[in-house]
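**Student:** Before I ask anything, here is the structure I am working with.
The values are calculated or read from the model by the stated rules, or taken from the named source; none is laboratory data. Values in this document were obtained by computation on a predicted structure and should not be read as measured data. Cβ coordinates were reconstructed from backbone atoms using ideal geometry, including for glycine residues, and neighbour counts include every protein chain displayed. Remember, those area values only see protein heavy atoms, side chains included, never the ligands or the DNA or RNA. Shrake-Rupley method; radii C 1.70, N 1.55, O 1.52, S 1.80 Å.
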Amino acid sequence: MSSLHLPDRPKPYIMAHRGNQALFPENTLSAFRQAVTDGADIIETDLQLTQDGAFLCLHDATIDRTTDGTGLASTFSLEQIRSYNAAARNPDLPPEPIPILTDLAKILPTTVMIALELKSDAFLKRATCHRLLDELRTTHLLERTVLLSFNPQHLATIRATDPTVPIGLITSNRPWPPSNMEMFGPYWPLLIINPLLVLLAHAKGQLVCPLDPTPDSRLWLYRVLGCDAILTDDPGKTARALGRQSS
């Protein structure tokens, strides 16, 4: 089974939310590269699918918000969707396409983990999950990947496809940890509602990463509670707040 523990890196791990989206457009290679430079331990990105089945690093079902195009990502071929500019909302930056999973694999150091949030309901199909896992094996990412979702059925399909792959539930309303998972991502106020949440998750062998993209003012709380990872939109700033980078 893949390990979610990074023995040479201190906890809490820094999980870069869609890369460094404070400095670069979210879910772009520029954002991912910056997050690595910032010292992120884990790169988090989202997965949607094109019409021809390519795994896109894209949060929304549509390309409207993040590119100069419009429409459902699932209605475009990879060639078509590559023609749109994922940096269009940042006119001072050079254009770049929406990356696919293999693009990210090429730039990710072997010491950095990856967290993939499964967005598309295509992940309810075993065939899609098989293809994803095959691609992760081919690109040598599988042994350092955790698959995440708000949808328990996405995770159940992954588990049925390969029970050895680490999975994690993200939730905005569940103040207790699930069973049979390796990671738990509760919306951060749930840790106030149930201060024992991290201990309960640890008792089940789970790593805890609060859902909190702007965490710096609450780092003290996450350290006290023993959270294993910190999600952040600005991994460089969070690394400095944790004392891991000079100001």
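**Student:** Kindly evaluate P189 against the criterion of being more than 17 Å from the chain's Cα centre (by Cα) and open to solvent by less than 70 Å² (accessible area, probe 1.4 Å).
**Tutor:** yes
**Student:** From the set of residues in the stretch 202-236 that are free of Cβ contacts under 8 Å to residues at least 60 places away in the same chain and among the basic types (K, R), which is surrounded by the most Cβ atoms within 10 Å (Cβ to Cβ)?
**Tutor:** R218
**Student:** Starting from the stretch 119-140, take each residue that is within 20 Å of G168 (Cβ to Cβ) and list its partners that are open to solvent by 80 Å² or more (accessible area, probe 1.4 Å) and in a helix (DSSP H, G or I), counting only C-beta distances under 7 angstrom and pairs at least six apart or across chains.
**Tutor:** L124/Q153
**Student:** Related question: Within the stretch 157-174, can you find the residues that are more than 18 Å from P213 (Cβ to Cβ) and open to solvent by less than 30 Å² (accessible area, probe 1.4 Å)?
**Tutor:** Across the stretch 157-174, the qualifying residues are T157, I158, T161, D162, V165, P166, I167.
**Student:** As an exercise: evaluate Y13 against (1) touching an Asp or Glu at 6+ places or on another chain (Cβ under 7 Å); (2) open to solvent by 30 Å² or more (accessible area, probe 1.4 Å) and give the number of the one condition it does not meet.
**Tutor:** (2)
**Student:** Turning to a different aspect of this structure: Every residue in the stretch 56-79 that is in a helix (DSSP H, G or I) and in contact (Cβ under 8 Å) with a residue 24 or more places away in the chain, please.
**Tutor:** A73, S74, T75, L78 - these are the residues of the stretch 56-79 that are in a helix (DSSP H, G or I) and in contact (Cβ under 8 Å) with a residue 24 or more places away in the chain.
**Student:** Mind checking which pairs have a first residue in the stretch 30-55 that is open to solvent by 30 Å² or more (accessible area, probe 1.4 Å) and a second that is of a type in the set (V, I, T), Cβ under 8 Å, 6 or more apart or different chains?
**Tutor:** Final answer for the pair search is R33/I107; V36/I43; V36/I107; V36/V112; G39/I14; Q51/T75.
**Student:** Same structure, new question: Quick one: is P177 assigned to a loop (DSSP other than H, G, I, E, B) and more than 23 Å from A239 (Cα to Cα)?
**Tutor:** So P177 passes the test.
**Student:** Return the total of residues in the stretch 143-164 being in contact with a helix residue (DSSP H, G or I) (Cβ under 6 Å, 6 or more places away or on another chain) and farther than 21 Å from H59 by Cα.
**Tutor:** The number of residues fulfilling the criteria is 2.
**Student:** I'm checking my understanding of the structure. Among residues of the stretch 83-118 that are free of Cβ contacts under 8 Å to residues at least 60 places away in the same chain and touching a strand residue (DSSP E or B) at 6+ places or on another chain (Cβ under 9 Å), which one is surrounded by the fewest Cβ atoms within 10 Å (Cβ to Cβ)?
**Tutor:** T102
**Student:** Can you confirm whether P186 is touching a His at 6+ places or on another chain (Cβ under 9 Å) and not in a helix (DSSP H, G or I)?
**Tutor:** no
**Student:** Here is a check on your reading of the model: is N180 surrounded by fewer than 22 Cβ atoms within 10 Å (Cβ to Cβ), at negative phi, of a type in the set (S, T, N, Q) and free of Cβ contacts under 8 Å to residues at least 60 places away in the same chain?
**Tutor:** So N180 does not fit the description; no.
**Student:** Can you name the condition, by its number, that D103 falls short on among (1) over 22 Å from E143 (Cβ atoms); (2) within 20 Å of the chain's Cα centre (by Cα); (3) among the acidic types (D, E)?
**Tutor:** So the condition that D103 fails would be (1).
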